[in-house]
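Notes for the one structure printed next.
The values are calculated or read from the model by the stated rules, or taken from the named source; none is laboratory data. Small disclaimer: the values here were computed from a predicted structure and weren't measured. Here the Cβ positions follow ideal geometry from the backbone for every residue, glycine too, while neighbour counts run over all protein chains shown. What goes into the accessible areas is simple: the full protein's heavy atoms, side chains included, and nothing from ligands, DNA or RNA. Shrake-Rupley method; radii C 1.70, N 1.55, O 1.52, S 1.80 Å.
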Amino acid sequence: MKDTVKKWLEEKQVDMFLGYKMVHGHALPYCFQADRLDEVDDLVVSRERYSLEKMATHIAAVYPEMKIGMLARDCNQRALKVLDIWDQLKKDSVTTFNVNCCPSPLKNHGDCSYLEPSPVGPVKVELGIDNNMSVEHAEHLDQKERFAHWMYEFSKCIKCYGCRNICPVCFCKDCSLEHPELIRSGGALPTEVPLFHLVRAAHMAGRCIDCGLCEDACPMDIPLRLLYRKVGSSVSDLFGYRPGIDEGKSPFNLIGDAPTTEPRPI
């Protein structure tokens, strides 16, 4: 890996390479460049994850001619595909060094082996949602019970915006989560329950690539991945579309040839 990255930089196949470097015992995102080629020796693949593709999106927005190299796990690849479909980061501007991080059978919770689930405590199981619960299991709960459990989870939200900020496919310039006529902005607490998270869940339809970073970032341990997986399953059932996996545009960024205000026939 390191030799390949050095070659890319030396031969100017990429102008920079986004990866991870150990800093005081922590693997942090780092931009490796040709003028500091010896630093590539510190390039690591670790258990820590950040939205490298989101960083690439911001860099490309400022320097559109920049050729970006990037360390990419499977979830990164799915995110890059969605970003290209939504015209946020063109696939030709990013060269990836792919890392296989999906060893079977540790795929019951996440697509990476280090996301193997940890047991959930008895209080949370009683009052809230088991983070490791499947969508199918959640749907079989009694409706009133399911509602009570989700309301408990949403009531813990401290409105840190961590789920939005870490998300690799969250790119709206004007965020509905800060629109004063919809949701009180900034640090106004308590957050609107359940509006805040339901609005974001709706925006994840057709975009969520099931990386689990939102849940990793949540300081209150809200089972966000389960919520978005439910949204994703609905999109798959209704439109036969899986973000980051299937080819073509998302059903949510397609506009018909003849827009009309007339209702569709039932």
Item to complete: Residue by residue through region 116-153, note down the ones that are among the acidic types (Asp, Glu), closer than 13 Å to Leu226 by Cβ and either open to solvent by 80 Å² or more (accessible area, probe 1.4 Å) or in a loop (DSSP other than H, G, I, E, B) (or both).
Response: Asp130, Glu136, Glu139
Worksheet, complete the sentence: For Leu177, the lone unmet condition from (1) modelled with pLDDT under 85; (2) assigned to a helix (DSSP H, G or I); (3) within 16 Å of Ser51 (Cβ to Cβ); (4) of a type outside the set (Ser, Thr, Tyr) is (3)
Discussion item. For Ile59, only one of the following conditions fails: (1) among the β-branched types (Val, Ile, Thr); (2) within 25 Å of Cys208 (Cα to Cα); (3) part of a helix (DSSP H, G or I); (4) modelled with pLDDT under 85. What is its number?
Written reply: (4)
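Considering only residues that are assigned to a helix (DSSP H, G or I) and closer than 12 Å to Gly162 by Cα, look in region 215-227 and name the one that is least open to solvent (accessible area, probe 1.4 Å).
Among those residues, the one meeting the criterion is Leu224.
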Discussion item. Among the residues of region 228-251, what is the count of those that are open to solvent by less than 30 Å² (accessible area, probe 1.4 Å) and in contact (Cβ under 8 Å) with a residue 60 or more places away in the chain?
Written reply: 3
Discussion item. Could you check region 6-29 and list, in sequence order, the residues that are outside any loop (DSSP other than H, G, I, E, B) and more than 25 Å from the chain's Cα centre (by Cα)?
Written reply: Lys6, Lys7, Trp8, Leu9, Glu10
Worksheet item: Considering only region 154-169, how many residues are open to solvent by 20 Å² or more (accessible area, probe 1.4 Å) and either closer than 18 Å to Arg78 by Cα or not in a loop (DSSP other than H, G, I, E, B) (or both)?
Response: 4
Worksheet item: Which of (1) surrounded by 16 or more Cβ atoms within 10 Å (Cβ to Cβ); (2) in contact (Cβ under 8 Å) with a residue 40 or more places away in the chain does Arg47 not meet, given it meets every other one?
Response: (1)
Worksheet item: Which one is surrounded by the fewest Cβ atoms within 10 Å (Cβ to Cβ), of the residues in region 70-93 that are part of a loop (DSSP other than H, G, I, E, B) and among the hydrophobic types (A, V, I, L, M, F, W, C)?
Response: Trp86
Worksheet item: Do we find that Lys67 is surrounded by fewer than 18 Cβ atoms within 10 Å (Cβ to Cβ) and touching a Ser or Thr at 6+ places or on another chain (Cβ under 8 Å) in this structure?
Response: yes
